[in-house]
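Written below as structure tokens is the structure these notes are about.
The values are calculated or read from the model by the stated rules, or taken from the named source; none is laboratory data. Since the structure is predicted, the reported quantities are computational estimates derived from the model, not experimental observations. Glycine gets a Cβ as well: all are built from the backbone with ideal geometry, and neighbour counts include every protein chain shown.
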Amino acid sequence: MSHRRVVITGTGLISALGTGTEKNWQALLAGTSGISLVTRFDPKKIDTRIAGEVKDFEPEKFIDRREVRRMDLYAQYAMAAAAMAVEESGLPVGPDVPHGYTPERVGVIVGSGIGGISSLEEQHRKGLEKGFDRLSPFFIIQMIVNMAPGLISMRYNCKGPNWAPVSACATSAHAIGEAWKSIKLGETDAAIAGGAEAAITPLGLGGFSVMKALSTRNDDPAAASRPFDKDRDGFVMGEGAGMLILEELEAAKKRGARILAELVGYGANSDAYHVTQPAPEGEGAARCMRLALQSAGMNPEQVGYINAHGTSTPFNDANETKAIKAVFGDHARKVAVSSTKSMTGHMLGAAGGYEGVVSALALSRNILPPTINQTSPDPECDLDYVPNAAREAKVDAVMSNSFGFGGTNAVLLFKRF
Amino acid sequence: MSTSAIETKVKGIIADQLGVGEDEIKPESSFIEDLGADSLDIVELVMAMEEEFEVEIPDEEAENIKTVGDAINYITTHKK
């Protein structure tokens, strides 16, 4: 596309494993499950009563108390993760700071699969009880998905492209890929990119539950998310955020930024097949992985680790395995594949951002997070899933897969820097 | 309800919604200039006061409520 290269210089993570990149990374390496019984509301009539709730989040540590009231939880997660990423990278914006980027050339592309659903539920209830002329004047800004990038831009004075992709579980992989493209094309020099989700609500949990998409292993929450394992019975909802700072390589070098990894490839496509089921044999996913490799000019053999979509649904994991075999051929037997959703649950629109950060950390720290709960091998899922324990490994490139309802796919490719 | 009881309640609502300390809230404080409110905050404040004091504040009246004292006066006058 162009000679411009894009690097990762900052990260922010929030999940059921905790608030902060380091806390998450250590919990992932230890193989910790963040899944437990739902506490935020009483899910008693819903078949699934477990989820990966964030337990340690204190919004006032990141956001002015008064602003917190005006934001839905998903936007609070987005703001907090962005604050962590900006702080870690030291992203300079504006003429008043050394090496400051021109504000008009800093983008914020941050999405959410669902947006402010708890605000929607609360205000709908209020409307029914008190009348629809008594809604909060903050309701719409709490609910809409592009408020997260909007708020982030106001805080950091980022005046470049500002928008929110909404593509279900591929949302934040798309956000990162599109931010990468914008820097590659020369439209922007830096970006805050990722996603956030906070959909563990009666409507969110109930809605996925009636689709029979969720695990019902309520008696053993920590074992419920078991991607690729024969006894998997659906995904477990997670929540939180994953945020990255992307910078054009030469500018990042000039300012002496600490570079975690390079983002070298991005593929985006569609199954054009079914609203929820993946295309047979993982055809769309395989095409998308090939697109990412092509965009990077890389061979499958160069990839040493795949952070899989690996949702723990019977369909996804078997199809993703087939797709990996189709793309990687003999190398599929050698490449390490793991799903960190086994620990965080499925963070929906935040998953791609979270897993993008995990991919960059796996590269820079030479260790691969495991897939936990691997006890019964599935003949249909017969790759190396880094079972149950993290593994030291120096790999040169990492692929991160994200596939969403609607048949949408996004694949990112990271390279050692 | 006495004026001072109304004043206490009004200050409580403002402190809660605008995230400011009650000691910063004086009768002459302007919602926008002194307390940092924006147009959406004002809508929310007016609604909260309507509910708390069971009064109706029509939009054209709400436009004239610019300070904390204006709000207290309006409620004292109109509360049944």
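Restricting to the range A:148-179, what's the tally of residues that are assigned to a helix (DSSP H, G or I) and surrounded by fewer than 24 Cβ atoms within 10 Å (Cβ to Cβ)?
8
I'd like to check something: does the range A:85-97 contain any residue that is among the polar types (S, T, N, Q), more than 20 Å from the chain's Cα centre (by Cα) and assigned by TED's automatic domain parsing to the domain that holds A:S112?
no
Does A:A198 meet the test of being surrounded by 24 or more Cβ atoms within 10 Å (Cβ to Cβ) and over 28 Å from A:S118 (Cα atoms)?
So A:A198 does not fit the description; no.
So if I check each of B:I57, B:I14, which one is within 12 Å of chain A (Cβ to nearest Cβ), hydrophobic (A, V, I, L, M, F, W, C) and without any contact (Cβ under 8 Å) to a residue 60 or more places away in the chain?
B:I14
With respect to A:G113, determine if the residue is touching a Phe, Trp or Tyr at 6+ places or on another chain (Cβ under 9 Å), more than 14 Å from chain B (Cβ to nearest Cβ), part of a loop (DSSP other than H, G, I, E, B) and modelled with pLDDT of 95 or more.
Judged against the criteria, A:G113 is a match.
Run down A:L203, A:L249, A:L185 and say which single residue is within 22 Å of A:G94 (Cβ to Cβ), out of contact with any Leu (no Cβ under 6 Å at 6 or more places or on another chain) and surrounded by fewer than 22 Cβ atoms within 10 Å (Cβ to Cβ).
Just a single option satisfies the conditions, and that option is A:L249.
For A:L128, all conditions in the list (1) without any contact (Cβ under 8 Å) to a residue 24 or more places away in the chain; (2) hydrophobic (A, V, I, L, M, F, W, C); (3) in contact with a Phe, Trp or Tyr (Cβ under 8 Å, 6 or more places away or on another chain) hold save one; what is the number of the exception?
A:L128 satisfies all of (1) without any contact (Cβ under 8 Å) to a residue 24 or more places away in the chain; (2) hydrophobic (A, V, I, L, M, F, W, C); (3) in contact with a Phe, Trp or Tyr (Cβ under 8 Å, 6 or more places away or on another chain) except (3).
Within the range A:58-71, can one find any residue that is away from chain B (no Cβ under 14 Å), touching a Gly at 6+ places or on another chain (Cβ under 9 Å) and not polar (S, T, N, Q)?
Within the range A:58-71, not a single residue is away from chain B (no Cβ under 14 Å), touching a Gly at 6+ places or on another chain (Cβ under 9 Å) and not polar (S, T, N, Q).
Kindly indicate whether B:E44 is of a type in the set (D, E), surrounded by fewer than 18 Cβ atoms within 10 Å (Cβ to Cβ) and free of Cβ contacts under 8 Å to residues at least 60 places away in the same chain.
Considered against the rule, which asks whether it is of a type in the set (D, E), surrounded by fewer than 18 Cβ atoms within 10 Å (Cβ to Cβ) and free of Cβ contacts under 8 Å to residues at least 60 places away in the same chain, B:E44 comes out as no.
Just to be sure I understand, how many residues within the range A:133-147 are assigned to a loop (DSSP other than H, G, I, E, B) and of a type outside the set (S, T, N, Q)?
Residues in the range A:133-147 being assigned to a loop (DSSP other than H, G, I, E, B) and of a type outside the set (S, T, N, Q): 7 in total.
Looking at the range A:10-38 only, could you name the residues that are in contact with a Leu (Cβ under 8 Å, 6 or more places away or on another chain), among the aliphatic types (A, V, I, L, M) and within 17 Å of A:F57 (Cα to Cα)?
A:L17, A:A27, A:V38
Is it the case that the range B:19-32 has a residue that's under 22 Å from A:I141 (Cβ atoms), within 13 Å of chain A (Cβ to nearest Cβ), part of a helix (DSSP H, G or I) and free of Cβ contacts under 8 Å to residues at least 60 places away in the same chain?
Scanning the range B:19-32 turns up no residue that is under 22 Å from A:I141 (Cβ atoms), within 13 Å of chain A (Cβ to nearest Cβ), part of a helix (DSSP H, G or I) and free of Cβ contacts under 8 Å to residues at least 60 places away in the same chain.
Here are A:S376, A:S359: which of them is crowded, with 21+ Cβ neighbours inside 10 Å and within 23 Å of A:K322 (Cβ to Cβ)?
Within the list A:S376, A:S359, the selection yields A:S359.
So which residues in the range B:13-32 are of a type outside the set (V, I, T) and touching a helix residue (DSSP H, G or I) at 6+ places or on another chain (Cβ under 7 Å), if there are any at all?
Once the filter is applied, which keeps residues that are of a type outside the set (V, I, T) and touching a helix residue (DSSP H, G or I) at 6+ places or on another chain (Cβ under 7 Å), the range B:13-32 yields B:A15, B:Q17, B:L18, B:G19, B:G21, B:E22, B:K26, B:P27, B:E28, B:S29, B:F31.
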